[in-house]
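Novice: The structure follows.
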Amino acid sequence: MSVAKKEYKRVTVKSLVEMKQNGEKISMLTSYDYSMAKIVDAAQVDVILVGDSASNVIAGHETTLPITLDQMIYHASSVVRAAKRALVVVDIPFGSYQSDSKEALRSAIRIMKESGAHAVKVEGGSEIKQSVTRILEAGIPVMGHLGLTPQSIYKFGTYTVRAKEEREAEKLKEDAKMLEEVGCFGIVLEKIPAKLAQEVAESVSIPIIGIGAGNGVDGQVLVVHDLLGMTHEFNPRFLRRYMNLYEDMSKAISEYVTDVKSRDFPNENESY
Ligand code: KIV
């Protein structure tokens, strides 16, 4: 079903709720730097997530845990300078909001003040309710993240599908309701059964954005490097690759090396 798309000069947290109400699906994609964010924004992606997945795809860490608040602020400022239309949401990194709500608020304020971003995202449900509430009370929009929450990977042990069992599914539904009630403007649901994700999306009035959560939610998010095929070793079932940039870039760079070695580059027209 195609839905008439309303034009937005700048997507806001209110626009996202409006999109859900109008049945317009929300597109969300990560970016971590100015050049990529410029392309993503010009392609009319509604929400740019400065994800802590930067820890994996940019810094090469195995998990999202090592990235620091200062590093997230650096990535976020670069993205904010590029984003003219999209809403920019920034992950508060692991260790910057879990210990108490004051620390959570301080971290959120630093992100908003020093990067110019529009909202923050945090992982978890009832365990972080106080922190979420405190950030919201300061006037900072908060997005939740439930299901597979990569900052808790050592608790889960694996990156497999979450909430397949009744108890975990029930907790996830309660957490989603709680996040809506305290005032979050949206929730990311990662790697959970499509049926459960649809049930959650239908039970709340705020947008539910899925990654590996099926098509019954209000929007989709992917890591841009995965979508472009730059991360060719990562092959989860939910990922649709729109390009194979790893291959194309490798070929281009090999050609450059050949041209330098053979003295073909630079030629006369490329010289002063
Ligand atoms: O950090 C990230 O990129 C994310 C998305 C996978 C939702 O949280």
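Novice: Measure nothing but the geometry: give the 0 to 90° angle between the long axis through the Cα atoms of 194-203 and the longest principal axis through the Cα atoms of the chain, rounded to 10°.
Specialist: The helix 194-203 is inclined about 60 degrees to the chain.
Novice: A follow-up question, please. Work out Dmax and Rg for the stretch 131-272 from the C-alpha atoms and quote the Rg first, both in angstrom.
Specialist: 21.8, 70
Novice: With the alpha-carbon atoms as the only input, what is the per residue convex hull volume for the stretch 13-241 in Å³? Numbers along the way, then the final one.
Specialist: Values: hull volume 25.5 nm³, N = 229.
Spelled out: Cα convex hull of the stretch 13-241, divided by residues, is 111 Å³.
Novice: Using Cα pairs closer than 8 Å and at least 6 residues apart in sequence, work out the relative contact order for the chain, in percent.
Specialist: Reported relative contact order: 15 percent.
Novice: Sort E165, E268 by Cβ crowding within 10 Å, fewest neighbours at the top.
Specialist: E268, E165
Novice: Loop-only check: which GluC sites (Glu not before Pro) in the stretch 11-100 are DSSP coil with at most 15 other Cβ within 10 angstrom?
Specialist: Loop-located and lightly packed - E62.
Novice: Where does each of Y154, Y8 land when they are ranked from fewest to most other beta-carbon atoms within 10 angstrom?
Specialist: Lowest to highest Cβ neighbour count: Y154, Y8.
Novice: Ok, one more. Longest segment of the chain with no trypsin sites (Lys or Arg not before Pro) in a DSSP loop having at most 10 other Cβ atoms within 10 Å?
Specialist: The reported range is 10-236.
Novice: At 222 nm, what helix-only mean residue ellipticity would the chain give, in deg cm²/dmol to the nearest 500, using -39500 (n - 2.57) for each DSSP H run of four or more?
Specialist: Only helices count here, giving -12500 deg cm²/dmol.
Novice: Using only alpha carbon pairs under 8 Å that are at least six residues apart, calculate the relative contact order of the stretch 1-132 and give it in whole percent.
Specialist: Result for the stretch 1-132 is 23 percent.
Novice: Which lysines, on any chain, are close to K251 with Cα under 26 Å apart, when same-chain ones fewer than 8 places away are left out?
Specialist: In chain and number order, the partners are K38, K261.
Novice: Mind pulling the angle between the C-alpha long axis of helix 245-261 and the longest principal axis of the chain? Nearest 10 degrees, somewhere in 0 to 90.
Specialist: 20 degrees
Novice: Pull up the cross-link candidates among the lysines for K20, meaning alpha carbon to alpha carbon under 23 Å and not fewer than 8 places away within one chain.
Specialist: K5, K6, K9, K84, K121, K173, K177, K191, K195
Novice: Which angle from 0 to 90°, rounded to the nearest 10, does the C-alpha axis of helix 69-82 make with the longest principal axis of the chain?
Specialist: Orientation of helix 69-82: about 70 degrees from the principal axis.
Novice: Counting only other residues whose beta carbon sits under 12 Å from that of A194, what net charge do I get with K and R as +1, D and E as -1?
Specialist: Values: positive: K164, K191, K195, R237; negative: E199.
So the environment of A194 carries a net charge of +3.
Novice: With a ≥ b ≥ c the root eigenvalues of the C-alpha gyration tensor of the stretch 1-90, is it rounded (a/c under 1.5), prolate (a/b larger than b/c) or oblate?
Specialist: Judged from the Cα gyration tensor, the stretch 1-90 comes out prolate (a/c at least 1.5, a/b above b/c).
Readers should treat all values here as calculations from the given coordinates under stated rules, not as data from a laboratory. Source: prediction; values computed, not measured. Don't worry about glycine lacking a Cβ; one is built from the backbone with ideal geometry, like all the others, and counts go over all protein chains shown.
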